[in-house]
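K.L.:
Please find one structure pasted underneath; my questions will follow.
Taken together, the values in this text are just the output of simple stated rules run on the coordinates, not laboratory data. Please read all numbers here as calculations on a predicted model, not as lab measurements. Glycine also receives a Cβ, built like all others from the backbone with ideal geometry; neighbour counts cover every protein chain displayed.
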Amino acid sequence: MIVRIMGEGQLDLTDADLELLNGFDATLERAIEAGDEARFRQALTDLLEKVRKDGKPLPADSLEPSQFILPHADASMDEVRAMLGDEGLIPDVG
């Protein structure tokens, strides 16, 4: 699956990473719902670090469609809240 981190580029992750990423996404959502800036910042950092660590970067000129788009590391809570869908940034595994 292709994941884009805004301002950084695209990374290719295996489908096996999806369930793990959902856990990070759920933590991020809970922090936003609670209005907890410190917990939000840590959850966003953890999510992006996991994607960067496990993902294989695609070439900058790649035109692959992204299954998920994640906010940049400095995104505000309001920016991320606006990006959330009904199932967070990363939809739950079927």
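K.L.:
Among the residues of region 12-30, is there at least one that is in contact with a Ser or Thr (Cβ under 8 Å, 6 or more places away or on another chain) and of a type in the set (A, V, I, L, M, F, W, C)?
P.N.:
no
K.L.:
Of everything in region 52-66, what is surrounded by 14 or more Cβ atoms within 10 Å (Cβ to Cβ) and part of a loop (DSSP other than H, G, I, E, B)? Give them in sequence order.
P.N.:
Selection gives GLY55, LEU58, SER66.
K.L.:
Restricting attention to region 35-51, which residues are loosely packed, with under 12 Cβ neighbours inside 10 Å and outside any helix (DSSP H, G or I)?
P.N.:
Answer for region 35-51, where residues must be loosely packed, with under 12 Cβ neighbours inside 10 Å and outside any helix (DSSP H, G or I): just GLY35.
K.L.:
Another question, if that's okay. Here is a list of conditions, (1) under 13 Å from ASP12 (Cα atoms); (2) part of a helix (DSSP H, G or I), and ILE69 meets all of them except one; can you say which number that is?
P.N.:
Failing condition for ILE69: (2).
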